[in-house]
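Only one structure is covered here, and it is reproduced in the block below.
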Amino acid sequence: MMRLRQLYALLLLTGIAISTTAQQPVWTEVAPGVWKTIAGKPEAFDLLKAAGATPNKEALAAITKAGFPFTKADIAARVQDGKTYLRFPLQKEEQVYGFGLNFQTIHQRGKILQLHVDHFGGKDNGRTHSPTPFYVSSLGYGVFINAARYINVYAGAGVRKDSKNPPVAKDRNTDKSWASRPYSDAVEMLVPAAGVEVYVFAGPTALDAVRRFNLFNGGGCLPPRWGLGFTQRVQRLYNAADVEKEANDFEQKGYPLDYIGLEPGWQTKSYPCTFEWDKTRFPQPQAFVKAMLDKGIRLNLWLNPYVSPEASIYKSILPYTGSHTVWVGAVPDFTMPQARNIFFNQLKKDQVGIGVSGYKIDEVDGYDHYLWPDVATFPSGNSAEQLRQTYGVLAQRYSTDIYRQQNSRTFGLVRASNGGASSFPYVIYNDYYNHEDFITALINSGFAGVLWTPEVRASKTGEEWLRRFQTVIFSPMAMINAWSSGTKPWSYPEVAEQVKQLALLRMQMMPYWYTEFAKYHYQGIPPFRAMNLEPGFKQEVKKEAVNENLEQNPYAEAASKEIKDQYMAGEYLLVAPLFTGQTTRKVILPKGKWYDFYTGAYAGDGEVITVTPGLDKIPVYVKDGGIIPMMPAMLHAPKAGEVVDLEIRYYGDKPGTYTLYDDDGETFNYEKGAYSWRTISVSKGAGGQLKGTITAPAAGKPNTIGKVTFTKMTN
């Protein structure tokens, strides 16, 4: 016994690791359909604490009940060398989705990733704007790792010798089916911390697992109505007169506009920032903001949170900043209330307090050569790595709080997010500009609990401009980001009229978009999401050729063709973009009848169709019985409480229902019950005549709906 103790002491002194055997986790149901376990000793600071997320347990309980999705003995967790090792089983026919905002791949099985907040560098390797440590299985469950750390993921990429379903060893000399990456039956993760919280989300479907994840994080955001209108970001050194002229041009030319984004030139200095108005370009900020609001146009301000030595808040905030700078600007430690009070009070006093409606929070994502290094220290004691993983989350949380204090909703842009941040009213963007990859990211955003915009900046041709603009209209934020190019909706005269009609269509569809975001908030359903989350969408499992590209899924057993160029938009719409140079494309229709959005004509039922829509239209299809509420094509979103007429468009032959959401459109009063859901029902009579009804408004609840008419789109 003495020798064993001496040996143990020697091992400790010499730094040789002592393995901790894998433990079978103990699971506790912490919300309906959500289980939690703890491995080791979790850190005090994590993703959920950074976000301040509060589960919506009532909404979680409304989802179809489902049991724990694993055999508990098949899950393993152990702590060794100050790191936590996790293992979850995979079945052969199983595919996994998620692990953050990926741009090039939907399927994640077979991938090796390090989930690391960063600017997207053109490769799905885990370094992205929202490396959410949450994955969803095609079998209908989800797993979330609540750690603000760089997590290494082996998503079916490592073969254990004690595997329950091991691959067969093959001879490369003679066997043409040999693959360099044999089948693996587990998702394994390495968390660089001596403990972690792990959550499992039941289905029963993959969409239900996604919903539970979003609702556990408080539900998705509910933007103001104006946030779903049209936005133009102007060139970086515009002055007040330039902005006013831009707004007037939109109005005179008949293009809708709800908010304008001001880029770095609104400040006295940027990179790093002063957060103070430049009085040479904007001599009277308060009067300028009011004048724009009087025109029905709101302002959104660019910033990054790095404090210039010339900023008025620099000296007071300096003790609460990190050891390293960004562009020689101080980095506030947003985990400290002192830093938050100084920084966000400046925004409140100088901008929000005079009517500024939102922010574009830039450069909180990455590029190691300019962001603080991992050797940096912060006065809170939280590590540089933890701040890197949560800085965008913290910026979203505390800027949103300013607007909550004023009972006025916001909708903005941010370059980084993470798990726990689903409820914040921000849309992710970046400097990448690949149209196809933008659509893949839009699809993946639904697995990551974030929103993403396939923004438009500039194009080489009118065709490219129109194709990009079409997808902007069917996305969370309809935006031209002209900070550098100076482009306008009419910059390509050959397609200017088509662009105008698309922008007006966006405004017409506002009742639909607003309701779908309400479902995101109250029910956790992503407004834009992958086809495999749609009931009736079934892909055949097909054997794929061996591919040496490590970014492709190499498993014949679990692989089916990725669908990354079409997606669901709300309850009823299937969107299938075309890209520059394409005149035709194939569209996979889920089971059930589908109809053309524009004409109501029958398109197909559970089949692959080939379409040639022409340049003017993006292919969009509506489910049988689909109901799309529309409003008049206004140049600005309805004001708070403004009454608008509705046209209810009905598609197909099947009786349909739609639950339409209503509130004042601008305040947080909906959190106190000031909202309503009204049921629209439509069917065809024996002679083909349309029968449509909408339930009466509830007494004492908001009612912004005027005259209601019904249109039969399918003859």
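Nothing in this text is a laboratory measurement; each read-out follows from the coordinates by a stated rule. Note that the coordinates shown come from a computational prediction; the quantities given were computed from them, not determined experimentally. Methodologically, a virtual Cβ is constructed for each residue, glycine included, from the backbone with ideal geometry; neighbour enumeration extends over all protein chains shown.
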For the GLU58, THR709 Cβ pair and Förster radius 51 Å, calculated FRET efficiency rounded to 0.05 is 0.90
Expressed in angstrom and rounded, the centroid-to-centroid distance over alpha carbons for the range 179-196 and the range 304-372 is 37
Once amide hydrogens are built 1.01 Å from N within the peptide plane, the residues lying 5 or more places from TYR306 or on another chain with amide H under 5 Å from its amide H are CYS273
The FRET efficiency for GLN252 and TRP327, from their Cβ-Cβ distance with R0 = 45 Å and rounded to 0.05, is 0.70
From the cross-link list LYS639/LYS707; LYS654/LYS691; LYS49/LYS111, the entries with a Cα-Cα span beyond 22 Å are LYS49/LYS111
Computed for the range 70-226: size of charge dipole around the Cα centre, +1 on C-beta of each Lys and Arg, -1 on C-beta of each Asp and Glu, debye to nearest 20, value 140
Counting only backbone N atoms under 19 Å from a point 7 Å out along Cα-to-Cβ of TRP490, the residues of the range 297-323 in range are 297
Check: C-alpha center the range 475-508 vs C-alpha center the range 623-642, spacing in Å is 19
Plugging the Cβ-Cβ distance of ILE609 and THR693 into 1/(1 + (r/R0)^6) at R0 = 35 Å yields, to the nearest 0.05, a FRET efficiency of 0.60
For the range 93-195, listing GluC sites (Glu not before Pro) in a DSSP loop whose Cβ sees at most 15 other Cβ atoms within 10 Å gives GLU93
Taking the dipole of the chain about the Cα centre (Lys, Arg +1; Asp, Glu -1; charges at Cβ), the one of VAL328, ILE525, ILE38 that reaches farthest to the positive side is ILE38
Simple spin-label estimate for LYS164/ALA686, 7 Å along Cα→Cβ, in nm, reads 5.9
Among trypsin sites (Lys or Arg not before Pro) in the range 66-167, those in a DSSP loop whose Cβ has at most 11 other Cβ atoms within 10 Å are LYS161, LYS164
Dividing the mean separation of Cα pairs under 8 Å (6+ apart) by the residue count of the chain yields a relative contact order in percent of 13
In Å, the Kirkwood estimate of hydrodynamic radius for the range 58-174 over Cα pairs equals 16.2
Given backbone amide H placed at 1.01 Å from N, residues whose amide H is under 5 Å from that of ILE151, ignoring those fewer than 5 places away on the same chain, are LEU115
Each label sits 7 Å from Cα toward the beta-carbon; between LYS672 and THR659 the label points are separated, in nm, by 2.4
Of the range 290-332, those with amide N under 19 Å from the point 7 Å along the Cα→Cβ vector of LEU237 are 302-303
For the chain, whose charge dipole is built from +1 on Lys and Arg Cβ atoms and -1 on Asp and Glu Cβ atoms, the candidate among PRO697, ASN146, SER485 with its Cα farthest towards the positive end is ASN146
Over 25 Å (Cα to Cα) among LYS123/LYS488; LYS41/LYS65; LYS253/LYS279; LYS269/LYS290; LYS290/LYS460 -> LYS123/LYS488; LYS41/LYS65; LYS253/LYS279; LYS290/LYS460
Quick calc, the range 318-380, dipole around Cα centre from Cβ unit charges on Lys, Arg (+) and Asp, Glu (-), nearest 20 debye, gives 380
Which of (1) 88, 63, 53; (2) 88, 70, 54; (3) 141, 73, 47 is the computed Cα extents along the principal axes in Å? It is (2)
Within the range 627-712, the percent of DSSP beta bridges that are antiparallel, given to the nearest 5, stands at 75
Filtering chymotrypsin sites (Phe, Trp or Tyr not before Pro) in the range 341-408 by DSSP loop and by at most 16 other Cβ atoms within 10 Å leaves TYR367, TYR370
PRE zone check, label point 7 Å out along Cα-to-Cβ of GLU93, amide N under 18 Å, scope the range 204-244, hits 204-207
Sorted largest first, the Cα spans of the range 627-712 on the principal axes come out in Å as 45, 29, 17
Pseudo-spin-label distance ALA287 to LYS123, built 7 Å along Cα→Cβ, given in nm, is 5.5
Given unit charges at Cβ for Lys, Arg (+) and Asp, Glu (-), the dipole magnitude of the chain about its Cα centre in debye, nearest 20, is 1060
Whole-Hz Karplus couplings 3J(HN,Hα) for the range 650-655, θ = phi - 60° and coefficients 6.51, -1.76, 1.60, Gly and Pro as x, run 10, 10, x, 10, 6, x
Once the in-chain neighbours fewer than 8 apart are removed, the aspartates and glutamates whose Cα is under 19 Å from LYS83 read GLU43, ASP46, GLU188, GLU197, ASP374, GLU385
Per the rule of 0.36 nm per residue minus the C-alpha distance, extending THR174 to PHE68 adds in nm 33.8 nm
Of all DSSP beta bridges with both partners in the chain, the antiparallel percent, nearest 5, is 70
Ranking HIS435, GLY685, LEU451 by how far each Cα lies towards the positive end of the charge dipole of the chain (+1 on Lys and Arg Cβ, -1 on Asp and Glu Cβ), the top one is GLY685
Length gained if TYR370 through THR583 is fully extended, taking 0.36 nm per residue and subtracting the Cα-Cα distance, is 72.5 nm
